[in-house]
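The structure under discussion appears below in the form of C-alpha cells.
All of the numbers you see were taken from the coordinates with simple rules; none came from a lab. As the structure is a prediction and not an experimental result, all values here were calculated from the model. Heads up, the Cβs are rebuilt from the backbone with ideal geometry, glycines too, and the neighbour counts pull from every protein chain shown.
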Amino acid sequence: MQRAVLVGCGAMSKAWFEAARTITDVEIVGIVDLDTGRAENRAREFGWESATIGSNLTEVLAQTSPNILFDIVIPAARHATVATALEAGCHVLSEKPMAETLEEARELVRRASETGRIHAIVQNRRYLAQIRRIRRLIRSGAIGDVTSLHCEFFLAPHFGGFREEMRHVLFLDMAIHTFDAARYLAGDAANAVYAHEWEPGSSWYSQGSSAAAIFEFTNGAVFTYRGSWCADGLRTSWESAWRVIGSKGSIVWDGYDDIRAEAVTSGREGLFSEVTAVDIPPLDASDRIGGHLGVMQDFIAATRGGPPPETVGTENIKSLAMVFGAIDSAESGRRVEITI
C-alpha cells in the first residue's frame with residue numbers, strides 16, 4: 001500500500017482526490033492546508049477521515065511517514081514544498097507549473113537526483129485520448145516527418161481573482177499545456193522562440209492575455225501559437241485547434257473529437273499532389289489516458305520500479321523552458337534561445 005500525504009486543498013484538489021481514490025492501493029494518510037477546516041472538509045468529502053490533518057507539512061510528514069506526496073500548492077509555495085518532501089524521502093507529484101522560475105526548476109531536478117526520488121508534474125492534457133491517437137498516427141509514419149505544428153487558442157473566460165492581475169497570464173497560466181502537447185507530438189524540444197504579447201482595449205486582464213509565438217525545434221520543425229483569453233465569440237476548445245504538417249501529409253484536430261488526416265499518394269493532379277484520407281488509429285492497450293488519473297497511475301507505477309513517468313522533472317522542464325523563453329522574448333522584443 002502506498003502511503004500518501006496531500007498538500008493544498010483548494011479547488012484543484014478535487015480532481016486529485018477523485019483520482020487517488022480510484023487507485024485501490026493508495027492511502028491518503030495525511031492532508032495539509034493552511035486552513036485545516038478546508039482540509040477536514042476534503043477528508044470527509046472523499047472518505048479519508050482517518051488521515052492526519054495539519055497546517056504544517058514538516059510535522060505531518062514526521063507523523064505519517066509517507067512514501068509519496070501529492071503537491072497542489074500555489075506556485076509560490078511549490079519549491080519549498082517539493083524540497084521538503086524530497087528531503088523527507090518522498091516521491092512527489094506536483095500540479096503545474098513545475099516551478100515559478102527556471103532556476104528553481106533546475107534546482108528541484110538536482111534535488112530529486114540527489115535524493116534518488118521521482119518528481120513528476122501533472123501535465124494532464126497530454127493524457128487526452130485525442131492527443132494519444134494523433135501521436136500514434138505521427139509515429140506510424142503516415143504523414144512523414146513533422147515539419148511544423150500550428151495551433152489557435154481563443155476563449156474569453158472571466159475568472160476574476162488572481163488571474164486577471166497576473167503578468168504574462170496566458171503564457172504562464174495556460175499555454176504550458178499547449179506547449180507541452182506540441183513537444184509531445186513533435187517528439188522533440190524547442191531551442192529558440194520569438195514571441196509577442198498585447199492587451200486589446202476590450203481586455204479585462206492586467207497584462208498578457210493575448211499572445212503569439214514562433215518556436216524552433218532542434219530537428220528543424222517549427223511550432224506556431226496564437227492565443228487570447230479575451231476573444232469573445234467562435235470559441236476554440238480549451239485544447240486549441242491544431243494543424244500538424246508532415247513531409248507526406250497533414251493532420252487537423254478541432255480540439256474536441258474531430259481528427260482528420262490526409263497523406264500524399266504517388267500521383268499528381270495539376271498543381272497539387274493527390275492525397276487520400278488516412279484513418280486515425282484507435283487507442284492501444286499501452287496508451288495511458290484519463291487526465292489526472294493517467295498521470296497519477298504512471299507516477300505510482302514509477303515509484304514501484306516502473307519506467308520514469310512521461311512528465312518527470314527532467315522532461316517537464318523542457319516544456320517550462322518554452323514558457324519562460326516566450327516571456328523573455330515578449331519582454332525583450334527579440335528571438336531568444338531556449339536553454340535548460
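For the stretch 237-307 versus the stretch 1-76, the spacing of their alpha-carbon centroids is 35 Å. Calculated FRET efficiency, L234 to E87, Cβ-Cβ distance, R0 = 56 Å: about 0.70 to the nearest 0.05.
Taking the charge dipole of the stretch 91-138 about its Cα centre, with +1 at Lys and Arg Cβ atoms and -1 at Asp and Glu Cβ atoms, the residue from M98, V109, I134 reaching farthest to the positive side is I134. Using only side-chain charges placed at the Cβ, +1 for Lys and Arg and -1 for Asp and Glu, the dipole size of the stretch 254-340 relative to its Cα centre rounds to 400 debye. Once the chain from S332 to R268 is taken as fully extended at 0.36 nm per residue, the excess over their C-alpha distance is 18.5 nm. Think of each Lys and Arg Cβ as +1 and each Asp and Glu Cβ as -1; about the Cα centre, that makes the dipole of the stretch 2-121 roughly 180 debye. The packing ranking of peptides 263-269, 318-324, 125-131, highest mean first, is 318-324, 125-131, 263-269, where packing means the average number of other beta carbon atoms within 10 angstrom of each residue.
Gyration tensor over the Cα atoms of the stretch 147-210: the corresponding equivalent ellipsoid has semi-axes (square roots of 5 times the eigenvalues, largest first) of 25, 12, 11 Å. For the stretch 2-121, the spherically averaged projection of the C-alpha convex hull amounts to 6.4 nm². Of T81, T52, T24, the residue with the greatest mean-square motion in the GNM of the chain, using alpha carbon springs below 10 Å, is T24. Compute the Cα gyration tensor for the stretch 264-340, then decide on rounded, prolate or oblate, letting a ≥ b ≥ c be the square roots of its eigenvalues: rounded whenever a/c is under 1.5, prolate when a/b is larger than b/c in the other cases, and oblate in all that remain. Oblate shape, in that a/c is at least 1.5 and b/c is the bigger or equal ratio. Radius of gyration (Cα atoms) of the chain, expressed as a multiple of 2.2 N^0.38 Å: 1.05. By the gyration tensor of its Cα atoms, with a ≥ b ≥ c the square roots of the eigenvalues, what is the shape of the stretch 100-204: rounded for a/c under 1.5, prolate for a/b over b/c, or oblate? Oblate, since a/c reaches 1.5 and b/c is not below a/b. Only one residue of G325, I289, A231 has its Cα farthest out toward the positive end of the dipole of the stretch 229-340, where Lys and Arg carry +1 and Asp and Glu -1 on Cβ, and that residue is G325. Just want to confirm a number: the relative contact order over the chain, from Cα pairs under 8 angstrom separated by 6+ residues, in percent. Result for the chain is 19 percent. Think of each Lys and Arg Cβ as +1 and each Asp and Glu Cβ as -1; about the Cα centre, that makes the dipole of the chain roughly 540 debye.
Normalised Debye scattering of the stretch 188-340 at q = 0.10, 0.13, 0.18 Å⁻¹ gives log10 I(q)/I(0) of -0.55, -0.91, -1.29, counting only Cα atoms as equal scatterers and leaving out solvent.
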